[in-house]
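First up is the structure itself, then whatever we jot down about it.
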Amino acid sequence: MGKLPGPTLSVAHNLEYGEAEVKIQEDAVAPEQKVLLIDDLLATGGNLCAICELMKKQNAEVMGCMVVIELNGVEKLKPNALFSLEKY
């Protein structure tokens, strides 16, 4: 915790067995900047959904989400587009 320099924004979210929080530096994304969010695994969708919320706080435009492996959690990401390399 506290490893990012400068002021941060954060979003807390529930995990299957607990809670987590994702953070971003306030100046990391410019307002109206277009972003593509990439993660390795989509299991419940909580982490990627929280990151989408952070992008909303930054007034960024989420162009879509991409994961290597999709297990579940697609519903949490709507209306954002999701691209998966593998679906199980």
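The figures follow:
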quantity	calculated
Within the accessible area of the stretch 4-88 (1.4 Å probe), percent carbon and sulfur	54
In nm, spacing of pseudo-spin labels at Leu41 and Lys56 (7 Å Cα→C-beta vector)	2.6
Magnitude of the charge dipole, the chain, Cβ model with Lys/Arg +1 and Asp/Glu -1, debye to 20	120
Extended-chain gain in nm, criterion 0.36 nm per residue less alpha-carbon gap, Glu16 and Lys87	23.6 nm
Span from the the stretch 46-88 Cα centroid across to the the stretch 4-32 one, whole angstrom	15
Under 23 Å, Cα to Cα: Lys pairs in the chain, sequence gap 8 or more or different chains	18
Computed over the chain: relative contact order in percent, which uses C-alpha pairs under 8 Å that are six or more apart	26
Surface accessible to a 1.4 Å probe, Cys49 within the full protein complex, Å²	40
Residues of the stretch 37-88: accessible area per residue with a 1.4 Å probe, Å²	59
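The values are calculated or read from the model by the stated rules, or taken from the named source; none is laboratory data. Remember, it's a predicted structure, so these values are computed and weren't measured experimentally. Here Cβ is always computed from backbone atoms with ideal geometry, including for glycine, and neighbour counts include all displayed protein chains. Keep in mind that these areas ignore ligands, DNA and RNA; they rest on the heavy atoms of the full protein, side chains included. Shrake-Rupley method; radii C 1.70, N 1.55, O 1.52, S 1.80 Å.
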